[in-house]
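What follows is one structure encoded as structure tokens, with my remarks underneath.
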Amino acid sequence: MEISQFFEDYEPGAQRRTTGRTITETDFVVHAGHTGDFFPHHMDAEWCATQPFGQRIAHGTMTFAIGVGLTATQINPRAFTYGYERLRFPTPVHIGDTLHTTVTIGEMTPDTKRPSHGRVVEITETKKQDGSTVMYCEHILMVEKRGAAA
């Protein structure tokens with residue numbers, strides 16, 4: 001879905017929640033193939049059974065990609081990604097977990113280098129079915145200010 005929001009249209013505290021997505025064995029295998037990360041923590045069920053976590057854990061980069069990817073149902077052509085900060089994976093993801101992401105509008109500041117834009121921080125939290133947070137990050141958007149294109 002395309003929305004057209006200027007910097008001034010964002011409201012701190014506004015939230016949206018994505019639909020869910022269940023993690024599969026295929027996700028683990030495809031991500032390992034894409035990244036070359038075949039560490040036993042992700043791929044060796046027998047070895048993982050002997051470890052404190054007891055089963056395979058998802059790659060952090062996969063959790064990030066899926067968690068952020070879930071939010072891509074809303075596209076704003078007036079905004080672009082400036083970057084991500086404070087990325088954390090406080091709880092592991094396992095095969096069979098269902099993830100959803102909540103985006104909350106946080107801090108909004110003018111951009112000193114680009115006066116035609118402002119920075120909007122999207123607090124991005126991905127949780128699994130038990131409500132525990134599996135990924136937290138702050139997504140910084142550069143958003144066009146109203147009247148800047150005129």
Ranking request for peptides 131-139, 104-112, 63-71, 46-54: highest mean number of other beta-carbon atoms within 10 Å first, then the rest in descending order.
63-71, 131-139, 104-112, 46-54
With runs of 4+ DSSP H residues as the only contributors, calculate the mean residue ellipticity of the chain at 222 nm using -39,500 (n - 2.57) per run, divided by the residue total and rounded to the nearest 500.
-5000 deg cm²/dmol
Need the list of lysines near Lys145 for cross-linking: C-alpha distance under 19 angstrom, and skip anything on the same chain fewer than eight residues off.
Lys113
Run the numbers for Trp47 and Ala65: contour at 0.36 nm per residue of separation, minus the present Cα-Cα distance, in nm.
3.9 nm
Quick check on the stretch 7-144: what does the Kirkwood estimate of hydrodynamic radius come out to from the alpha carbon pairs, in Å?
16.2
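No value in this document is a laboratory result; all are computed from the given coordinates. These numbers come from a predicted model, not from an experiment. Heads up, the Cβs are rebuilt from the backbone with ideal geometry, glycines too, and the neighbour counts pull from every protein chain shown.
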